[in-house]
1. So B:A104 clears everything in (1) within 11 Å of chain A (Cβ to nearest Cβ); (2) at pLDDT 90 or above; (3) closer than 20 Å to B:F31 by Cα except one condition, right? Which one?
2. Does A:I13 qualify as being assigned to a helix (DSSP H, G or I) and within 14 Å of chain B (Cβ to nearest Cβ)?
3. Looking at (1) more than 7 Å from chain A (Cβ to nearest Cβ); (2) modelled with pLDDT of 80 or more, can you tell me which one B:S19 breaks?
4. Among the residues of segment B:193-218 satisfying the criterion of being aliphatic (A, V, I, L, M) and more than 12 Å from the chain's Cα centre (by Cα), which is farthest from B:Y137 (Cα to Cα)?
5. With respect to A:L45, is the statement that it is within 8 Å of chain B (Cβ to nearest Cβ) and either at positive phi or in a helix (DSSP H, G or I) (or both) true?
6. Criterion first (over 21 Å from B:A208 (Cβ atoms) and surrounded by fewer than 11 Cβ atoms within 10 Å (Cβ to Cβ)) does B:I143 satisfy it?
Amino acid sequence: MQLDWSTFWLEIINFLILVWLLKRFLYKPVLAAVAQRRAAIEKQLADAQTRQEEAKALEGQYRNRLGEWEKEKETLYTRLNEEIEVRREKMTAALEESLSQEREKAHVLEERRLKELQEKAREAGGRAGVEFTARLFARIASPELESKLTAVILEDLRKLPEAQMAALRAGSASNGRPIRVTSAFPISDVQRDAVSAVLKQISGNGATIEFCEDRGLLAGLRISIGPWIVHGNLKDELGFFSEMAGHGGE
Amino acid sequence: MDGQLPAVALFRLGHLFVSDTVVTTWGLMLFLFLLCRGHNRGFHTERTAWEITREGLVLAIQEAIDAVLPEAGKRVLPFVGTLWIYLAAANLTGILPGLHSPTADLSTTTGLALLVFLSVHWYGIQIHGLRRYLRHYVEPNPILLPFQIVSELSRTVALAVRLFGNMFSLEMAALLVIIVAGFLAPIPILFLHIIEALVQAYIFGMLALVYIAGGIQSLGTKALAKEG
């Protein structure tokens, strides 16, 4: 244990040199690197904080924008629904009106068609009736029936109103031609006298009367007095009925 | 551990004799310089394991200093940090065959203790100013001045002798065990040497830090606050 002054002083110098060396090559670089790293980390943290705040702000903006879009969407949706409702009501009304018109038209057409069918049925019925009646009349036509019809005609002629009787008389006088009496069967003398008496009573004693036969009349008489014709036979009656059936019974 | 613990003068440098202690110290200085020399890499570059270790070492030292002296941690870091690093390396040198620890030489520990003694006043004066710093020796009562001086001197001597005594006795014990017990028996002693070397380095550096902190903090922290 001895103190060597050379070693003492040299160790002091050595240590001071070592302090300088380590300060220069260890502490300063390391602390500078640490400080630089710390500053960089703080800068990154600050940047991250700033970005986070910006992101939050953007998120808020986007949320607000989304909310506005949602409201706008709801408004537009409501408006669209209203427009759709209005348009649907209009279209429904137009469709109903169109349907009503179509229905009315169809109803009219149906009525017309039914009317035509009824008309055709009536005509067919009339024709059938006329044919049936014609066949019936053809079967029952006989001189006896004609006698009865002649009696009825004469009875009607006698009961003619005065005005019609005057018209017949005027027509017979103006024509100048004889009165033609057509029968389906040969008329007996008694009936011929009775007919002549009635016709002379109507047209005057000077009138000439012609008698002829036509089997087409089935039974009864057809008397032509000038322009007037008195239909008192089954054929003309059937024609009359047939015409009535063709005109809807008017 | 060649059985020659006392320092041996190897050659002469002017008026100074260069002993093996000094040469060992130079070797340690070169070794530490080569270890600590490195590039100051940027933040984004990947660091090597040694760089991470180096940073961890420096940051651990700074954290330990800041725990005791937060007001002037950066200022005293080079001195106290170098004490720890140098003493740890120097104490562990004794493990290597053919070398002995520079700290097993009283000249080295005395020189370091003197540096600690001077650094206490250096930092105190630097921070508080000469008059203000000297005033704390006579406060609260000038009668305490002799005791303060005795305390300063005794703790410096204790600092020097403690480290020297521990390392010298440790190497001497290891030498005796090798001589007496042979080859394998010293292994536990070597482990003890490592632990003791590190503990003594820590104690010396921590005491130096405490002395420096005592010199700085004896007048309160107002002056430090003024300095910013």
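1. (2)
2. The answer is yes for A:I13.
3. Going through (1) more than 7 Å from chain A (Cβ to nearest Cβ); (2) modelled with pLDDT of 80 or more one by one, B:S19 breaks only (1).
4. Here the answer is B:I194.
5. no
6. Yes.
Let's see how each residue does on (1) more than 10 Å from every other protein chain (Cβ to nearest Cβ); (2) without any contact (Cβ under 8 Å) to a residue 60 or more places away in the chain:
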| position | (1), (2) |
| --- | --- |
| B:E51 | no, yes |
| B:G56 | no, yes |
| B:E63 | yes, yes |
| B:R75 | yes, yes |
| B:A88 | yes, no |
| B:N91 | yes, no |
| B:L96 | yes, yes |
| B:H121 | yes, no |
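Residue-wise test of (1) small (G, A, S); (2) surrounded by 14 or more Cβ atoms within 10 Å (Cβ to Cβ); (3) in contact with a His (Cβ under 8 Å, 6 or more places away or on another chain); (4) assigned to a helix (DSSP H, G or I).
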| residue | (1), (2), (3), (4) |
| --- | --- |
| A:E131 | no, no, no, yes |
| A:R139 | no, no, no, yes |
| A:T150 | no, yes, no, yes |
| A:E155 | no, no, no, yes |
| A:L160 | no, yes, no, no |
| A:A163 | yes, no, no, yes |
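The values are calculated or read from the model by the stated rules, or taken from the named source; none is laboratory data. It should be emphasised that the depicted structure is a prediction, and the values quoted were computed from it without experimental measurement. Neighbour counts run over all protein chains shown; Cβ positions are idealised from the backbone, glycine included.
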